[in-house]
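Novice: Below: one structure in structure tokens.
Readers should treat all values here as calculations from the given coordinates under stated rules, not as data from a laboratory. Being a predicted model, the structure only gives us computed values, none of them experimental. Heads up, the Cβs are rebuilt from the backbone with ideal geometry, glycines too, and the neighbour counts pull from every protein chain shown.
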Amino acid sequence: NGTRRSKKGMKLVFSAVVGVCSGYLFVIFFPAFNITKINLPSSVASYIEDQSAGITTTRTLLNHEWTSANSHKDNSDSKYDEIPKIYLSTNPKGTERLPPGIVVPETDLYPQRSWGEPSEDLTSQPRYLVTFTVGIAQKANVDAAVKKFSDNFTIMLFHYDGHTTEWDEFEWSKRAIHVSVRKQTKWWYAKRFLHPDVVSRYEYIFIWDEDLGVEHFNAEAYIEIVRKHGLEISQPGLESDKKIAWRMTKRHSDQEVHKETKERPGWCTDPHLPPCAAFVEIMATVFSRNAWRCVWYMVQNDLVHGWGLDLALRRCVEPAHEKIGVVDAQWIVHQAIPSLGNQGKAVKGRAPWKGVKARCNLEWGMFRSRLADAEKAYYLEKGITPPNSTR
Ligand SMILES: *[C@@H]1O[C@H](CO)[C@@H](O)[C@H](O)[C@H]1NC(C)=O
């Protein structure tokens with residue numbers, strides 16, 4: 001059976017090669033037809049995979065292409081040697097030879113069926129995305145959080161501990177997107193799986209930790225507020241039993257949103273700059289589509305903890321002190337469950353979380369100097385004296 005199969009395979013390949021060759025010959029001898037038809041080889045290649053239909057399908061397909069090509073010939077009165085090769089510098093990089101009508105620069109995360117009419121596949125196209133970076137130990141907490149997000153959200157879980165099927169006890173898990181790569185961090189996943197061209201269908205993108213208390217939070221209501229106040233980057237106000245690192249993120253109980261705060265004396269050089277304004281943390285951040293398009297590019301491939309990113313978010317929106325803010329009316333509790341160590345490794349008797357913490361601080365310094373250097377290099381190239389205010 002194996003040899004029969006491979007013989008059949010050979011035949012198919014041969015037929016495809018002949019098909020491709022004659023396709024090219026056809027182009028050479030009858031170049032007057034619409035130039036978009038030269039895409040023959042790739043369509044042939046995809047059709048020969050269907051072994052049961054095999055050669056017949058291939059031939060039918062080729063015939064179809066030829067016929068439609070020929071029919072174009074009749075109403076084309078331009079001289080065939082004048083037809084220019086396609087080259088469009090306005091196409092996405094690397095696709096300059098494709099007719100722009102066939103280029104699909106963006107994709108989405110909507111599941112489709114493998115049968116029926118493609119146009120009838122999508123019964124729902126959520127406009128918002130929420131991602132949680134999770135381990136099974138926080139199953140109950142994540143379940144509670146996900147339930148605060150309506151059907152208008154695509155739910156995406158990044159699993160850092162390899163447990164995925166266990167989540168299927170929750171109904172929502174079956175419509176969620178599960179990405180499982182062990183021992184990675186939120187920003188590692190975000191950089192790899194949330195490219196702006198992949199998530200462009202989503203108006204708002206929530207990139208959240210797993211240890212947030214959501215009792216006083218509703219996602220639809222949150223979006224209404226964010227939209228009303230023009231917040232491109234935001235987070236819910238924080239309550240915590242423990243000390244909150246930055247005053248900006250602490251919930252103001254008498255307001256719907258706040259965009260600035262008073263820090264301890266000497267902490268802010270400018271009331272419109274972090275940490276007094278233009279700043280939210282990275283534990284429960286919400287991005288507009290446009291803001292995320294910028295922030296994604298600023299996320300460094302190798303700096304996986306995202307430390308320092310919060311203070312730099314303001315570079316992606318203008319004016320930052322108006323478009324970055326905290327939503328007080330929909331607030332969360334930072335439970336600060338120590339999960340940092342989950343991705344760590346004990347080295348020389350040192351607890352895993354200590355190594356992770358050290359890496360966080362190291363990355364923060366690296367990010368800061370990369371940003372400062374990049375800025376300096378830019379001004380230098382332009383022959384401008386750099387402003388000395390780079391935080
Ligand atoms: C989902 O979005 C639609 C359209 O904006 C809205 O009418 C509906 O109320 C939303 N669903 C929920 C559960 O809020």
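Novice: Subtract the Cα-Cα distance of K139 and A351 from 0.36 nm times their separation in residues, and report this length gain in nm to one decimal.
Specialist: Computed gain between K139 and A351 is 73.9 nm.
Novice: As a quick test, which of the pairs K147/K228; K147/K345; K186/K323 have an alpha carbon distance above 31 angstrom in this structure?
Specialist: Details: K147/K228 24 Å; K147/K345 33 Å; K186/K323 24 Å.
Over 31 Å apart, Cα to Cα: K147/K345.
Novice: Counting each pair of different Cα atoms once, what's the Kirkwood radius of the range 128-345 in Å, rounded to one decimal?
Specialist: 17.4
Novice: In terms of the Cα gyration tensor, with a ≥ b ≥ c the square roots of its eigenvalues, is the range 292-382 rounded because a/c is under 1.5, prolate because a/b exceeds b/c, or oblate?
Specialist: In terms of gyration-tensor shape, oblate.
Novice: Same structure again: Does the range 122-213 classify as rounded, prolate or oblate by the C-alpha gyration tensor (a ≥ b ≥ c root eigenvalues; a/c under 1.5 gives rounded; else a/b over b/c gives prolate, otherwise oblate)?
Specialist: oblate
Novice: Going through the cross-link list K174/K259; K93/K382; K148/K183, which pairs have a Cα-Cα distance over 29 Å in this structure?
Specialist: K174/K259
Novice: Can I ask one more? State the Cα centre-to-centre distance between the range 102-174 and the range 305-319 in whole Å.
Specialist: Cα centres, the range 102-174 to the range 305-319: 27 Å.
Novice: Estimate the FRET efficiency between E256 and H216 by the formula 1/(1 + (r/R0)^6), using the beta-carbon distance for r and 22 Å for R0, to the nearest 0.05.
Specialist: 0.95
Novice: On to the next question. Give me the percent relative contact order of the range 128-345, please, defined on Cα pairs under 8 angstrom at least 6 residues apart.
Specialist: 27
Novice: Still on this structure, please answer the following. Report the full-extension gain for the segment E171 to L122: residue separation times 0.36 nm, less the Cα-Cα distance, to one decimal in nm.
Specialist: Between E171 and L122, full extension yields 15.7 nm more.
Novice: Counting other beta carbons within 10 Å of each residue's own, what order do R315, R97 fall into, fewest first?
Specialist: Least to most surrounded, the residues fall as R97, R315.
Novice: For G306, list long-range residues whose amide hydrogen, built 1.01 Å from N in the peptide plane, is under 5 Å from its own amide hydrogen.
Specialist: Hits under the 5 Å cutoff: none.
Novice: Next up: Which of Y189, I225, F132 sits farthest toward the positive end of the charge dipole of the range 128-345, with +1 on the Cβ of Lys and Arg and -1 on the Cβ of Asp and Glu?
Specialist: Y189
Novice: Using the Cα centre as the reference, give the magnitude of the dipole from point charges on the C-beta atoms of the range 145-206 (Lys, Arg: +1; Asp, Glu: -1; all else neutral), rounded to the nearest 20 debye.
Specialist: In debye, rounded to 20, the range 145-206 gives about 280.
Novice: Assuming 0.36 nm per residue, please report the length gained on full extension of the stretch K242 to T107 beyond their Cα-Cα distance. Mind dumping the intermediate values first?
Specialist: Details: separation 135, 0.36 × 135 = 48.60 nm, distance 4.17 nm.
Stretched fully, the K242-T107 segment lengthens by 44.4 nm.
Novice: Counting other Cβ atoms within 10 Å of each Cβ, which trypsin sites (Lys or Arg not before Pro) in the range 215-294 have at most 12 and sit in a DSSP loop? Show your work: numbers first, answer last.
Specialist: Details: sites: R227, K228, K242, K243, R247, K250, R251, K259, K262, R289, R293; in loops: K242, K243, R251, K259, K262.
Answer in residue order: K242, K243, K262.
Novice: Take the Cα gyration tensor of the range 232-327, multiply each eigenvalue by 5, square-root it, and list the three semi-axes largest first, rounded to whole angstrom.
Specialist: Semi-axis lengths for the range 232-327 are 21, 15, 14 Å.
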